[in-house]
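The values are calculated or read from the model by the stated rules, or taken from the named source; none is laboratory data. If you're wondering where the values come from, they're calculated on a predicted model, not measured in any experiment. Glycine also receives a Cβ, built like all others from the backbone with ideal geometry; neighbour counts cover every protein chain displayed. The area values use the complete protein model at the heavy-atom level, side chains included, leaving out ligands, DNA and RNA. Shrake-Rupley method; radii C 1.70, N 1.55, O 1.52, S 1.80 Å.
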Amino acid sequence: MVDHGTGPASRALFERALRVIPGGVHSPVRSWRDVSGTPLFIESSRGAMISDVDGRDYVDFCMSFGPLIFGHGDPDVRRACVAAIDRGWSFGAAEATSLELAELIVSAIPWVDAIRFVNSGTEAVMSAIRLARAVTGRSRVVKFDGCYHGHTDAMLIRAGSGLAGQREASSAGVPDGVTTDTLVAHLDDEETLEQLFTKHPDDIAAVIVEPLPANYGLLPQREQFLQFISELCRTYRALLIFDEVITGFRLGFAGYAGATGIYPDIVTWGKIIGGGFPVGAFAARHEIMEHVAPAGSMYQAGTLSANPLAMTAGLVTLRKLQNETVYAALEELGAYLRDQFDGIDGLAVQQQGSLFWLLPGGMSQVIRRPDRIPAIARERYTELFHDALARGAYLPPSPHECGFLSTAHTRENVNLLRDSLLSDL
Ligand SMILES: *Cc1c(COP(=O)(O)O)cnc(C)c1O
């Protein structure tokens, strides 16, 4: 192990955790297995910084994997949440905060008339797929290799290693029936997708895609490709689902769909929409959302859905994001990061706004699909991660995760990361 950055207090906690929690963590990437290390235990955070239980401070480039666009402990979110907690933190009844958040989103996003809040991105996707099936009366769903849509059974499917069109579960415990109904296409590849539609013209309920895939590194897609997906869906009367759990409200208020003008039938959100609390959402036009219970017959529910505290954090966060200067500032810092890293030998960076992905080993052209990622990038990331950590920069603990900037980050923070990487390469 190369975990020279992990102090004794974190190590002791991790040993305890391994006894009572599978792999010591509640979500696999937190275990640092991808970077052969022992995870830090975080004690507190503020702005762009996190502090571990050994009293060490780091510039955080992981930012809870996306929700914290204003950094840790944003004072406006904090103030509103403290006031909300005084009013009560769960009613299991109608309340106005979720209504305000719903109205704010629906009025700002042109392809959406109604929204339902859930508790995670996974739940949002699970519900969106059920909704697409309810609306179309069809059962099959197309997803793309290299997109992540949470851990609902139907989405834990990858392309099989054998014949073209074969697919297999990417997790134990996913039944065969589910693998039959999920079809897998390739990013940046019109042909396979068209073949799937030709083969199953009347069976496909929906195509789900991350319009800017950001869970297998950052894999920007050609706009024509997204346009092609959208047109095929229209031709075959399948619904288009944009999973914007990570990109929603990050690249602009209307997400990637807003930036490209390619609108989905159903959109899923998460991460930023809860301001750092557990929230997900799915939204669509009225004629689609009318199928959702109790308005319609597609069942969907949640004891803690639209939790007032989480809705408050989301509402404050989204109101702050309506000030467009926020995105301009994030855009500028992202471009600064790219410029700083671009010329470094043996390192490539793919970046969009405040999302970035570091590829040690470099590359000759834009990478748009996972099978084009050079194996060396993965191998070298471990070293890069630990060297950055030793100099006070906390990168995502996996070569497949994107880095995140927030409005709390500064050019000095970026310079620190750059210098730590320079000393390594
Ligand atoms: C994070 C993510 C999910 C899953 O969200 P959870 O809240 O972790 O369940 C789904 N889709 C995308 C695109 C994501 O980035």
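Overview of results
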quantity	calculated
Relative contact order (%) - criterion: Cα under 8 Å, at least six apart; region: the chain	22 percent
Full-stretch length increase - Ile85, Asn415 - with 0.36 nm per residue and alpha-carbon distance subtracted	114.9 nm
Built amide H within the under 5 Å cut-off of Leu347, gap 5+	Gly361, Gly362
Accessible surface of the chain, 1.4 Å probe, proportion on carbon and sulfur as whole %	50 percent
Order by protection proxy (mean Cβ within 10 Å, highest first), peptides 179-192, 271-284, 144-157	271-284, 144-157, 179-192
Whole-number accessible area per residue in Å² for the range 322-425, which is evaluated in the context of all protein chains at 1.4 Å	42 Å²
Per-residue ³J(HN,Hα) for the range 236-250, Karplus 6.51 cos²θ - 1.76 cosθ + 1.60, θ = phi - 60°, Hz, x for Gly and Pro	9, 6, 9, 8, 9, 10, 8, 8, 10, 4, 9, 8, x, 6, 9
Hypothetical label at Val366: residues of the range 195-229 whose amide nitrogen lies under 12 Å (7 Å Cα-Cβ projection)	212-213, 219-226
5 angstrom amide H check on Ser170, placed H, neighbours 5+ away	Ile157, Arg158
Spacing of the two label points (7 Å from each Cα toward its C-beta) at Arg11 and Asp54, in nm	0.7 nm
Residue-normalised accessible area of the range 73-132, given per residue in Å² at a 1.4 Å probe	48 Å²
Gain on full stretching of the segment that runs from Arg285 to Ile42 - 0.36 nm per residue minus C-alpha separation	83.4 nm
Dipole moment magnitude, nearest 20 debye, the range 179-309 about Cα centre, only Lys, Arg, Asp, Glu C-beta charged	500 debye
